[in-house]
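Single-structure report; data block below.
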Amino acid sequence: MTKPDNDRVVIFDTTLRDGEQSPGATMTHDEKLEIAGLLDEMGVDIIEAGFPIASEGDFRAVSEIAKQAESAVICGLARANLKDIDRCWEAVKHARQPRIHTFIGTSPLHRAIPDLTRDEMAERIHETV
């Protein structure tokens, strides 16, 4: 077994997904591809390319980025449900190093929106992770 390199910093860039949530910061399809290419060229370790279930445009961008990246891990965001995860996989599966970044809101407010008890939330996590 190899020893982990504890001195190495891993860069996980969310510009293409989280950055686009800033007011006025929407990107065209071509801009997303260009930014992803530059991040890959700069040696960014992990690029969170988007949220494929959010729109057909996001799905297409993540899919194309996954096919074009040369060294970065290409990650898509998915909520902890099988529909999101399946759609995300379809977008990232052609990457050299595909990854799915899944999440579930656990605060009482986030549990109330889909009307989940703590046990139901735990079961959803168990089913999807």
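Remarks
- Overall form of region 23-89 per C-alpha gyration tensor (a/c, 1.5; a/b vs b/c): oblate
- Nearest 10 degrees, 0 to 90: helix 56-68 Cα axis against the chain principal axis: 50 degrees
- Inter-centroid distance (Cα atoms) of region 1-58 relative to region 78-97, Å: 15 Å
- Here the calculated FRET efficiency for residue 30 and residue 129, from their Cβ-Cβ distance with R0 = 41 Å, stands at 0.75, rounded to the nearest 0.05.
- Take the Cα of residue 120, step 7 Å toward its Cβ, do the same at residue 9, and the gap between the two points is 4.3 nm.
- Mean residue ellipticity (222 nm) of the chain, computed from DSSP H runs ≥ 4 via -39,500 (n - 2.57), nearest 500: -12500 deg cm²/dmol
- Segment residue 38-residue 86, length gained on full extension (0.36 nm per residue, minus Cα span): 14.5 nm
- Likely footprinting exposure, 83, 3, 93, fewest C-beta neighbours within 10 Å first: 3, 83, 93
- Test item: Cα-centred dipole of the chain, Lys/Arg +1 and Asp/Glu -1 on Cβ, debye: 340 debye
- Going from the fewest other Cβ atoms within 10 Å to the most, the residues 51, 12, 59 appear in the order 12, 59, 51.
- Ascending count of other beta-carbon atoms within 10 Å, so fewest first, for 29, 126: 126, 29
All of the numbers you see were taken from the coordinates with simple rules; none came from a lab. Just so we're clear, the structure is a prediction, and the values are computed from it rather than from any experiment. As a convention, Cβ positions derive from the backbone with ideal geometry for all residues, glycine included, and neighbour counts pool all protein chains shown.
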